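The values are calculated or read from the model by the stated rules, or taken from the named source; none is laboratory data. Note that the coordinates shown come from a computational prediction; the quantities given were computed from them, not determined experimentally. Quick reminder, even Gly has a Cβ in these numbers, built from the backbone with ideal geometry, and neighbours come from all protein chains shown. Note: areas computed on protein heavy atoms with side chains; ligands, DNA, RNA excluded. Shrake-Rupley method; radii C 1.70, N 1.55, O 1.52, S 1.80 Å.
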Amino acid sequence: MNATKSAEALREKYRIEREKRLRPDGSAQYVDFSGVYKDFDRDPHVEPGFTRPAVNEAIDVLVVGAGFGGLLAATRLRQAGVDSLRIVEKGGDFGGTWYWNRYPGAACDVESYIYMPLLEETGYIPTEKYAKAPEIFAHCQRIARQFDLYRAALFQTLVERMDWDDAANRWIVTTSRGDRLAARFVIIAGGVLHKAKLPGIPGIETFQGHSFHTSRWDYDYTGGGPMGGLDKLADKRVGIIGTGATAVQAIPHLGAAARQLYVFQRTPSSIGARDNQPTDEAWKQTLQPGWQQERIRNFSAIVSGRPQEVDLVRDGWTYIFADDGSRRAQTPEEAAELRQQADFRKMEEIRARVDAIVRDPATAEALKPYYYQLCKRPCFHDEYLDTFNRPNVRLVDTEGKGVERITPTGVVVNGQEYPVDCLIYASGFEVSSEYTRRLGFDIRGRGGTSLRDSWAEGASTLHGMHARGFPNLLMFSTTQSGWAINFVHILDEQSQHAAYIIERCLQRGIATIEPTEQAQQEWWGVIMSHLMSGGVAFGGPECTPGYYNNEGAAFGPREIRMAGFAGGTLEFIEVLRNWRKGDDLAGLELTRTAES
Ligand code: NDP
């Protein structure tokens with residue numbers, strides 16, 4: 001095959017594989033942990049029966065969510081001198097993603113030196129290039145201790161309602177534990193990846209064996225812990241549904257422990273080399289103040305398509321974004337062609353890696369991804385593919401159709417039942433569903449208007465953070481906001497931005513802030529201009545279905561208004577920083593407190 005023909009053949013193959021996976025129900029194929037599925041939502045990390053007295057108080061700031069976003073927001077507020085603070089969190093501790101996700105093998109897939117926040121502030125250096133979940137969870141607790149956040153936290157608590165009180169200029173927030181918090185400002189730092197989903201396969205509730213979602217791993221049943229050693233599975237037949245980033249990390253441990261493991265696959269992930277390393281003591285000694293921010297920026301620049309003189313992280317991510325020559329192209333068409341050729345080459349390497357590791361040719365073929373690399377989140381692992389060489393592990397490829405049915409005793413694919421004792425759902429989280437749906441509670445702003453209704457025709461914001469009609473509300477989300485592969489980079493910037501705004505308001509006697517209609521329109525213009533000029537993007541209409549492209553369904557005007565800032569991570573950060581430099585809260589309408 002010459003190069004052109006091979007590109008044509010690949011384009012056609014990608015198209016065929018995509019078509020196999022398109023389904024009319026799109027995102028509606030998934031169900032959440034409510035109704036008959038509510039038992040899936042049990043928190044395995046807390047003792048049942050927790051009670052505490054209800055809290056009734058007036059505070060300056062309420063932070064909703066105690067994951068990285070909430071931790072960073074609260075830390076930056078503390079650093080800005082804001083003491084009157086509460087944090088409400090569903091889980092039993094700080095950590096968010098790292099509180100819930102304790103499945104075996106869980107580790108960060110972005111380098112820990114740039115992913116784990118506040119390393120210089122806490123004086124902590126991770127023990128490995130890709131730290132494992134317990135170490136990251138412990139770091140969350142370290143941050144909370146250091147910045148005295150535990151005394152502000154209300155754990156195992158869900159926000160139920162949020163109503164703006166126009167007379168008091170406060171948000172009245174009520175919770176599942178009967179709390180009533182009257183907050184001048186609310187930061188919502190949850191909702192990006194916290195709502196787990198199940199595939200809406202018929203029969204899930206009829207299964208008589210043991211089943212759970214990966215974000216609620218049941219070690220009482222499997223034995224072992226996040227580092228593996230699942231000894232209670234030695235006599236069990238285990239099925240796992242899904243082969244995304246979570247499953248890729250868990251499957252090597254399941255394969256090592258279970259009597260029989262069935263991996264039910266709909267779409268294979270791309271699996272690059274991981275090459276994890278213990279932290280080099282000599283390197284640690286060379287680190288100079290400011291090293292973490294420099295490294296974070298270096299990574300975000302490279303993966304936003306801005307080549308740098310040095311690649312400090314040098315891993316599978318930066319390799320994907322290595323210079324493909326398209327920046328030197330003469331025309332946009334030439335640039336697109338060069339980018340596509342580079343993608344074909346890199347995905348051919350991924351497929352060749354499968355052949356090099358997996359011995360059974362049919363299994364190897366089924367494990368090869370045929371789509372553009374950024375259609376799905378790329379995965380990196382050094383034991384996943386090899387697990388399929390074990391005699392007790394069987395890949396059940398559903399050829400893009402997905403599992404057909406769950407019975408009381410097993411899983412049906414293509415008319416055949418695979419009996420299992422334990423069924424694990426590695427079926428992910430809601431990522432691209434509407435922000436107001438992911439939140440799980442409604443927000444009622446001025447005049448009792450709900451955010452859901454206000455955004456019925458699509459979101460309107462300033463910087464993705466403020467919405468007109470919802471004073472003193474600061475949201476961290478991806479809707480009309482920045483986006484990063486190392487998402488913590490954006491969260492920290494949003495946290496600094498929110499802390500700056502709140503500190504200014506408290507200091508200057510500003511009672512309320514709210515974006516003007518014009519500022520929202522201008523911001524939407526900025527979002528659109530980047531969408532039109534096609535920045536680095538995950539997903540896309542030519543992609544295999546997934547959460548990056550609304551499961552392959554066309555985007556309507558409402559979904560388009562949920563788009564993020566496509567101009568690059570550093571550019572978004574620049575927008576926020578320049579805005580703060582003006583020090584005039586531009587685009588926000590202000591009202592003053594009576595005393596000022
Ligand atoms: P994903 O959404 O990536 O994966 C869900 C899996 O379930 C997919 O393989 C999907 O197949 C499969 N699936 C869905 N429905 C069916 C069905 N009916 N039959 C068979 N299979 C089905 O979830 P993950 O939890 O793996 O990852 C979510 C995100 O969380 C990641 O993209 C990443 O951002 C983050 N993450 C990060 C990690 C890290 O930093 N270490 C680790 C884990 C997750 P299909 O592809 O066909 O839709």
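Residue-by-condition table, conditions (1) in a helix (DSSP H, G or I); (2) buried (at least 18 other Cβ atoms within 10 Å of the Cβ); (3) of a type in the set (S, T, N, Q):
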site: I302; (1), (2), (3): yes, yes, no
site: Y319; (1), (2), (3): yes, no, no
site: E333; (1), (2), (3): yes, no, no
site: I350; (1), (2), (3): yes, yes, no
site: D355; (1), (2), (3): yes, no, no
site: A364; (1), (2), (3): yes, yes, no
site: N389; (1), (2), (3): no, no, yes
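Results for (1) touching a strand residue (DSSP E or B) at 6+ places or on another chain (Cβ under 9 Å); (2) surrounded by fewer than 18 Cβ atoms within 10 Å (Cβ to Cβ); (3) more than 24 Å from N550 (Cβ to Cβ), shown as yes or no for each residue.
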residue	(1), (2), (3)
G448	yes, yes, yes
G458	no, yes, no
R468	yes, no, yes
G509	yes, yes, yes
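Residue check: W291 meets all listed conditions (1) closer than 21 Å to P117 by Cβ; (2) within 16 Å of the ligand (Cβ to nearest atom) but one, namely (2).
Of the candidates G178, G200, G190, the single residue that is closer than 20 Å to Q156 by Cα and within 16 Å of the ligand (Cβ to nearest atom) is G190.
Taking the stretch 391-410 on its own, how many of its residues are open to solvent by less than 10 Å² (accessible area, probe 1.4 Å), out of contact with any helix residue (DSSP H, G or I) (no Cβ under 7 Å at 6 or more places or on another chain) and closer than 23 Å to D360 by Cα? Break it down stepwise before answering.
Looking only at the stretch 391-410, we keep the residues that are open to solvent by less than 10 Å² (accessible area, probe 1.4 Å), and these are 396, 398, 400, 406, 410.
Going one step further and asking which of them are out of contact with any helix residue (DSSP H, G or I) (no Cβ under 7 Å at 6 or more places or on another chain), we end up with 396, 398, 410.
Adding the requirement that they be closer than 23 Å to D360 by Cα leaves 396, 398.
Matching residues across the stretch 391-410 total 2.
Just to verify a result, which residue in the stretch 546-583, among those that are modelled with pLDDT under 85 and under 18 Å from the mean Cα position of the chain (by Cα), is surrounded by the most Cβ atoms within 10 Å (Cβ to Cβ)? Break it down into steps so the answer makes sense when it comes.
Applying the first criterion (modelled with pLDDT under 85) to the stretch 546-583 yields 546-559.
When the remaining residues are screened for being under 18 Å from the mean Cα position of the chain (by Cα), the result is 546-551.
Numbers: G546: 21, Y547: 21, Y548: 18, N549: 23, N550: 19, E551: 19.
Top of the filtered list is N549.
Residue count for the stretch 118-138, restricted to those that are buried (at least 17 other Cβ atoms within 10 Å of the Cβ) and within 14 Å of the ligand (Cβ to nearest atom): 9. All conditions in (1) within 16 Å of the ligand (Cβ to nearest atom); (2) in a helix (DSSP H, G or I) hold for E522, with the sole exception of (1). Filter the stretch 420-439 down to the residues that are at pLDDT 95 or above and of a type in the set (A, V, I, L, M), then identify the one that is farthest from the ligand (Cβ to nearest atom). The residue in question is V420. Taken over the stretch 230-265, residues that are more than 20 Å from T363 (Cβ to Cβ), in contact (Cβ under 8 Å) with a residue 40 or more places away in the chain, more than 12 Å from the ligand (Cβ to nearest atom) and not charged (D, E, K, R) amount to 2. Whether any residue in the stretch 47-64 is out of contact with any Gly (no Cβ under 6 Å at 6 or more places or on another chain) and at pLDDT below 90 is what I want to check. Scanning the stretch 47-64 turns up at least one residue that is out of contact with any Gly (no Cβ under 6 Å at 6 or more places or on another chain) and at pLDDT below 90.
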